[in-house]
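Beneath this line is the structure, given in structure tokens, with notes to follow.
Readers should treat all values here as calculations from the given coordinates under stated rules, not as data from a laboratory. Just so it is clear, the structure is predicted and the values come from calculations on it, not from any experiment. Don't worry about glycine lacking a Cβ; one is built from the backbone with ideal geometry, like all the others, and counts go over all protein chains shown.
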Amino acid sequence: VQLQASGGGLVQAGGSLRLSCAASARTFSTYSMGWFRQAPGKEREFVAAISWSAGSTYYADSVKGRFTISRENAKNTVYLQMNSLKPEDTAVYYCAADPYGRRDSWWPNEYSYWGQGTQVTVSS
């Protein structure tokens, strides 16, 4: 399974970006998907997760109300809409896939497949 993340860039504080993650798996519709991020000198942290059916979403407290995770199974793609961005959101963002379809998974070890990451930089 290959995951290709895109959509990162440089944005001013208060701005928006939409990240996309395209998956190669034919069984993508059965996977739970997640977004994580890693800032320089910090550990990778959970951002958001979505169940295989999109019926369940789960967010880190730091992004709740600002970020929205969604998916289009027909396009094998998951999205992360990021609004009201803050400088502390600056990080490399990674998408990840859990082929076991677990719900509300925040633990990186439950994700078997990872994308290459896309840089998001928020200037103050």
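Looking only at residues of region 61-87 that are among the aliphatic types (A, V, I, L, M) and under 19 Å from F28 (Cα atoms), we find that the one that is surrounded by the most Cβ atoms within 10 Å (Cβ to Cβ) is V78. Counting only strands (runs of 3 or more DSSP E) that sit completely within region 53-97, those holding 2 or more residues that are in contact (Cβ under 8 Å) with a residue 24 or more places away in the chain correspond to 67-72, 77-82. Screening S62 on (1) within 15 Å of V122 (Cβ to Cβ); (2) touching a strand residue (DSSP E or B) at 6+ places or on another chain (Cβ under 7 Å) shows it passes everything except condition (2).
A single member of V11, V1, V47 is in contact (Cβ under 8 Å) with a residue 24 or more places away in the chain and in a loop (DSSP other than H, G, I, E, B), and it is V1. The condition of being surrounded by 14 or more Cβ atoms within 10 Å (Cβ to Cβ), polar (S, T, N, Q) and touching a helix residue (DSSP H, G or I) at 6+ places or on another chain (Cβ under 6 Å) holds for only one of S6, S29, that being S29.
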